[in-house]
Amino acid sequence: MAQSYKFLRASTVVFKVLAWVSLVLQVVTGVILLVVGGEPVAIGGIGVPARVVGVLNFVVAGMYFFSLWLMANLIRLWLDIRDRLPGS
């Protein structure tokens, strides 16, 4: 019985779109915080300047983009391996 993996194939596109959206939103937020500044943000009970949080947004943007892009490519790899197995 052949199984359909349309959901997994669509999820690779969804993960890649989410990766780009999260990258753009985090970078825009980081730029705004770097340029405008603002009130210190309480992180762990310590007041961190808003411009430092802006720089941290760039780091987080890279991490989110990498993890979402990696997930999309892993799903695609698993589907490619499954398609190449004998009897599939």
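The figures follow:
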item: Accessible surface ranking that places the most exposed of V21, V35, V27 first, with a 1.4 angstrom probe; result: V35, V21, V27
item: With every protein chain in place, the chain: carbon and sulfur % of accessible area (1.4 Å); result: 74 percent
item: Degrees between helix 50-84 axis and first principal axis of the chain (Cα, 0 to 90, nearest 10); result: 0 degrees
item: Label of the coordinate-derived value, mean projected area of the Cα convex hull in nm², listed as (i) 6.5; (ii) 7.3; (iii) 5.8; result: (ii)
item: Whole-number accessible area per residue in Å² for the chain, which is evaluated in the context of all protein chains at 1.4 Å; result: 74 Å²
item: Counted charge near F15, where neighbours are those whose Cβ lies closer than 14 Å (Asp, Glu -1; Lys, Arg +1); result: +3
item: Helix 6-36 vs. the chain, principal-axis angle (Cα, 0 to 90°, nearest 10); result: 10 degrees
item: Per-pair calculated FRET efficiency, R0 = 35 Å: V55 and F7 via Cβ, rounded to 0.05; result: 0.40
item: Amide proton proximity set for V41, modelled H, under 5 Å, gap of 5+; result: V48, A50
item: The chain: calculated mean residue ellipticity at 222 nm from DSSP helix runs of at least 4, using -39500 (n - 2.57); result: -27500 deg cm²/dmol
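The values are calculated or read from the model by the stated rules, or taken from the named source; none is laboratory data. None of the values given here were measured: they were computed from a predicted structure. With ideal geometry, Cβ positions are generated from the backbone for all residues, glycine too; neighbour counts draw on all protein chains shown. These accessible areas exclude ligands, DNA and RNA; they are computed on the full protein's heavy atoms, side chains included. Shrake-Rupley method; radii C 1.70, N 1.55, O 1.52, S 1.80 Å.
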